[in-house]
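The values are calculated or read from the model by the stated rules, or taken from the named source; none is laboratory data. Small disclaimer: the values here were computed from a predicted structure and weren't measured. Backbone-built Cβ (ideal geometry, glycine too); neighbour counts: all protein chains shown.
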Amino acid sequence: MEELILAADIGGTFIRVAIADSQGHILEKASTPVPKAPDAKAVPMKVLELCDALSAKHGGRRLISKVSIAAIGPLDIKKGAIIRPANMPYDVVPIADVLCNYFDATFILLNDCNAAAIAEKRIGAGKNVDDVVYITMSSGIGGGVILDGRLLLGKDGNAAEIGHTVVDMSMGMICGCGKKGHWEAYCGGNSMPKFAKFLVESKYDNVNSTLARKLKEGIHTVSAKDIFDYARAGDEFALTFIDTVAEINGVGVANVVDVFDPSVISIGGSVALNNVDLVVEKLKPFVERYAINRVPDIVPTPLGHDAPLIGAILAAMDPPPKSVFKAL
Ligand SMILES: [Zn+2]
């Protein structure tokens, strides 16, 4: 039987796992919510559990020669671990330490957005250009950059952690990482309800809005999806909030345009992909307003929610050198 690739996308909300053949064709795939267990090892163990279920009818775990993980950051690629992720309740998530015990395989670890950028360059929105940036707008915000045809990784594998760049110094929203003013603290799906509540209480106290009333009662009953639903239903504050988020997203994307000068920016992640009209389309005029560089094509990813997973498979077949944690 032929060798197999195990690819996983460990996000802030979901873990997606695929088994592919050595040519990169997906044979099986599945997803599951990120476990909420107190021990961070539950995360890699969930990948193993899905791997065993999906690979069973293709010969099982023993045929896997490459394990390629795309994970939320920040990473320590030398340790093969996620370090203090903003969107998971763990200090360290030991990916390689756990999974290497179960496989006789080459082990590759990449930031999820870096993996998605590889997918965009090879088969997605960036296949005809040398300079492409992938941005996820999901539970958090992240980026992956291919410039002059080369993936930027950086000393720890965390180049382009754009969600933790500062976009505001006056409102002082605190990010999931603990620091102030980060893009993700305003526009990440996990942070939106908190930011919306802050705006209701500081600026829009008298607005006629069901969403505003719910936020004043507490943020735990309001999700980012609820905010978009209220906006679509015409809620006055929800619409104002969506416009505010669009401007901040525009600032963030304009910074990316001015720092990297890409030909294409491909946007993925559930917040963006489920609301292309209210997120991707609405941020574009603000990029024009704030960027000085020539504004590139800004498109929703043609690869959908699987962009990081597809990137992990492609990275397994042709790994960026610094992403290889352990060679077979
Ligand atoms: Zn942050």
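Observations on the model:
- Summed over region 76-121, residues that are of a type outside the set (V, I, T) and under 18 Å from I146 (Cα atoms) total 12.
- When residues of region 8-21 are limited to those that are at pLDDT 95 or above and of a type outside the set (A, V, I, L, M, F, W, C), the one farthest from the chain's Cα centre (by Cα): D21
- Those residues of region 1-23 which are within 19 Å of K57 (Cβ to Cβ) and in a loop (DSSP other than H, G, I, E, B), in sequence order: M1, E2, E3, S22, Q23
- Evaluated against (1) hydrophobic (A, V, I, L, M, F, W, C); (2) within 15 Å of T240 (Cβ to Cβ); (3) part of a helix (DSSP H, G or I), V207 falls short on exactly one condition, (3).
- Region 303-316, residues that are outside any loop (DSSP other than H, G, I, E, B) and buried (at least 20 other Cβ atoms within 10 Å of the Cβ): D306, A307, P308, L309, I310, G311, A312, I313, L314, A315, A316
- Residue identified as over 16 Å from P308 (Cβ atoms) and either among the small types (G, A, S) or assigned by TED's automatic domain parsing to the domain that holds I227 (or both) among A117, A105: A105
- Flag if A224 is under 20 Å from C175 (Cα atoms), of a type outside the set (V, I, T), modelled with pLDDT of 95 or more and crowded, with 21+ Cβ neighbours inside 10 Å: yes
- Of all residues in region 183-208, those satisfying the criterion of being under 23 Å from N274 (Cα atoms) and either more than 28 Å from the chain's Cα centre (by Cα) or not hydrophobic (A, V, I, L, M, F, W, C) (or both) are E184, Y186, G188, G189, N190, S191, P193, K194, K197.
- Pairs linking a residue in region 308-328 that is at pLDDT below 95 to a residue that is of a type in the set (D, E) and surrounded by fewer than 16 Cβ atoms within 10 Å (Cβ to Cβ), with Cβ atoms under 8 Å and 6 or more positions apart or on different chains, are L328/D104.
- Helices (runs of 4 or more DSSP H) completely within region 94-189 that count 3 or more residues being away from the ligand (no atom under 16 Å from the Cβ) and under 28 Å from S223 (Cβ atoms): 112-123
- Residue check for P319: in a helix (DSSP H, G or I) and of a type outside the set (F, W, Y): no
- Every test in (1) touching a residue at least 12 places away in the same chain (Cβ under 8 Å); (2) not in a helix (DSSP H, G or I) is passed by T221 save one, and that test is (1).
- Pairs with Cβ under 7 Å, 6+ apart, first in region 67-96 and of a type in the set (D, E, K, R), second within 16 Å of the ligand (Cβ to nearest atom) and outside any loop (DSSP other than H, G, I, E, B): D76/I83
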